[in-house]
Amino acid sequence: MSASVSPSLTEPSATSSVDANSALSALLHRQQQAHLAHMQISVNERRERLQQVIALLVEGHQSLAAAMEADFDGRSKGFSLMNDVLGSMASLKHVRDNLIHWVPEQSRTPFAPYDQLGADAKVIYQPKGVVGIMGTWNAPVFTLLSPLACVLGAGNRAILKPSELAPRTAETLAELFARFVDPALVAVINGDARVGAQFAAQPFDHLVFTGSTAVGRKVMAAASANLTPSRWNWAASRRQLLVAKGIWMSIVAVWFWPRRPMAGNYVSAQTFFMFLRITSRRLSIAFATISGNIILLSPVILIMSRLSINITMSVFVA
Amino acid sequence: MDDAKKRGVTVISSHDVLAIPDRRLPLQLVICPDDDAAIMQEEIFGPVLIIRTYQQIDAVIADINRRSNPLALYYLGTDVAEQQQVLNQTRSGGVTINDALMHAAMHDAPFGGTGASGMGHYHGREGFLQFSHAKTVFTVPAHDPRAEWGMLPPFYDGFDAMMASQVVPD
């Protein structure tokens, strides 16, 4: 996708900017759907993804160095290979060779009295999703592919926006990625500053920008409308909850009993979504009735339950 | 640069600017501009180096700390105590001692800014954590005694006193 999209994006007309924005939105949507369909990425798969980018650099290092030489009106190819190609490659290989130590979940000590009761606590390191990376003109490959190493190592997908001030390098990157990497994993979008602004305004799960403080402020302002985690969490949690198994009564209990004594000042501050696995028509009707009371509550909630019915009843009467 | 020249600030250039027709720029040194000169206020893009002089390192540290945190700080010198003082008393994204830029190439250590020079970082385990969500998962045990203990509504009579008794300084 990047190869077919990129050339048209370098046209400075208003039409192409609109096209670029819709192409970018479609690409981001495609990557996010791919991520949601496959969120648990093994160490081996992460290594294999990193290796694709390493192979791209091995294959394309001369054309990248030539493009940087032309973009800079005579930058040393040796310097470009050292700074941009080898610098990126060192990051990619370091992550490839060390991520096995970073990926495992970490056990944590539950608080009292649960530490004595057999509770379990852990921290898992989950990919954020799709990361946008905006590069600079002065290190046009390094500022994209060096962060990409950590982005892929963490199990994410990425869309790259090279600097329009190094246009040949940007175009070469787009061609190389189109040849070597599935655009649903990593894609390149090229265009002028307007495309850059549209890029920053996309609802990425994380945005990386390297550049000046002045532009950084604009990027953050554009991203602030989207980078709140609520949108992504909501979609993902719904997906997980639909496969949750539980008894509806006990799920009600989980939400009602802690909230009853605080009703009025705490519950109303948040809203919760509740998703139940309906196993019979009767439960389905009951859920509908209860939901009238509960859905006034919302944004993010996971409900799984194994509490007993008798607790439920005392709560439910309330 | 125009502002600096207008103010009579000494500017030393490696080449005549007008003699280079392409995108290359000459190397330029700007010697001791005033604090209110434009070049001291704005971010510099290009091969321009401002030279300021000092007698006491404290004055340099104070001057650095009056401005936004830089992305990088380079200390050139062999005075270990002074190195440590600069490290302890200034805030910057990273530091290279006795050279420039090198810390950014550390793929086993985080690279990033602080304050106005940025947030977050990439490289190394810290970079992996930057792009991961650290998600806490708490699994309660099969048996939860809080209800038997009267710790869930309706609370038992001594609940308030039991909670209050735990508010201790150690």
Q. With the contact rule set at Cα under 8 Å and sequence spacing of 6 or more, what percent relative contact order holds for the stretch A:19-106?
A. 34 percent
Q | Cβ-based exposure ranking for A:His29, A:His206, in which fewest neighbours within 10 Å come first | A | A:His29, A:His206
**Q.** chain B, helix-only ellipticity at 222 nm - DSSP H runs n ≥ 4, -39,500 (n - 2.57), divided by all residues, nearest 500
**A.** -6500 deg cm²/dmol
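Quick one: length gained pulling B:Asp157 to B:Met119 fully straight, 0.36 nm per residue minus the C-alpha distance?
8.7 nm
Taking 45 Å as R0, compute the FRET efficiency from the Cβ-Cβ separation of A:Thr213 and B:Thr139 and round it to 0.05.
Step by step, r from the Cβ atoms, then E = 0.55.
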Q.
If amide hydrogens are placed 1.01 Å from N in the peptide plane, which non-local residues have theirs closer than 5 Å to the one on A:Val208?
A. A:Gly132, A:Ile133, A:Met134
Q. Any idea what the relative contact order of chain B is, in percent, if you count C-alpha pairs under 8 Å spaced at least 6 apart?
A. 12 percent
**Q.** Net charge, B:Arg7 excluded, C-beta distance under 13 Å - Lys, Arg +1, Asp, Glu -1
**A.** -3
**Q.** Cβ-defined net charge surrounding A:Val123, 10 Å radius [Lys, Arg +1; Asp, Glu -1]
**A.** +2
**Q.** Average beta-carbon neighbours from other chains, 10 Å sphere, peptide A:97-106
**A.** 2
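Consider all pairwise Cα distances in the stretch A:115-211 and report the whole-number % of them above 17 Å.
Result: 52 percent of Cα pairs exceed 17 Å.
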Q) Across all directions of projection, what mean area in square nanometres is found for the Cα convex hull of the stretch B:102-170? A) 9.9 nm²
Q.
Could you tell me the calculated FRET efficiency between A:Gln106 and A:His38, based on Cβ-Cβ distance and R0 = 25 angstrom, to the nearest 0.05?
A. 0.60
Q) For the stretch A:29-81, which GluC sites (Glu not before Pro) are both in a DSSP coil and crowded by at most 15 other Cβ atoms within 10 Å? A) none
Q: Output the antiparallel fraction of DSSP beta bridges having both residues in the stretch B:1-148, as a percent to the nearest 5.
A: 40 percent
Q) Taking the Cα atoms of the stretch A:80-146 alone, what are Rg (to one decimal) and Dmax (as a whole number) in Å? A) 19.3, 59
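By its C-alpha gyration tensor, with a ≥ b ≥ c as the square roots of the eigenvalues, how is the stretch B:56-126 shaped: rounded for a/c under 1.5, else prolate for a/b larger than b/c, else oblate?
Values: a/c = 2.54, a/b = 1.42, b/c = 1.79.
It comes out oblate by the Cα gyration axes.
Report the Stokes-Einstein translational diffusion coefficient (µm² s⁻¹, integer) for the stretch A:121-177, Rh taken as the Kirkwood radius over Cα pairs, at 10 °C with viscosity 1.306 mPa s.
Rounded to a whole number, D works out at 130 µm²/s.
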**Q.** 15 Å tail of the calculated P(r), the stretch B:1-90, as % of Cα pairs
**A.** 68 percent
Q) How many nm separate the modelled label positions at B:Ser165 and A:Lys122, each set 7 Å beyond the Cα in the direction of the Cβ? A) 3.7 nm
Q) Are there GluC sites (Glu not before Pro) in the stretch B:78-152 that DSSP marks as loop and that have at most 13 other Cβ atoms within 10 Å, and which are they? A) B:Glu148
Q) How large is log10 I(q)/I(0) at q = 0.08, 0.10 Å⁻¹ when the Debye formula is applied to the Cα atoms of chain B, each weighted equally and without solvent? A) -0.50, -0.64
Q) Using the 10 angstrom Cβ neighbour count as an exposure proxy, how do A:Phe180, B:Phe131 rank, fewest first? A) A:Phe180, B:Phe131
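Each reported figure results from applying straightforward, stated rules to the coordinates on display, with no laboratory input. Please read all numbers here as calculations on a predicted model, not as lab measurements. Heads up, the Cβs are rebuilt from the backbone with ideal geometry, glycines too, and the neighbour counts pull from every protein chain shown.
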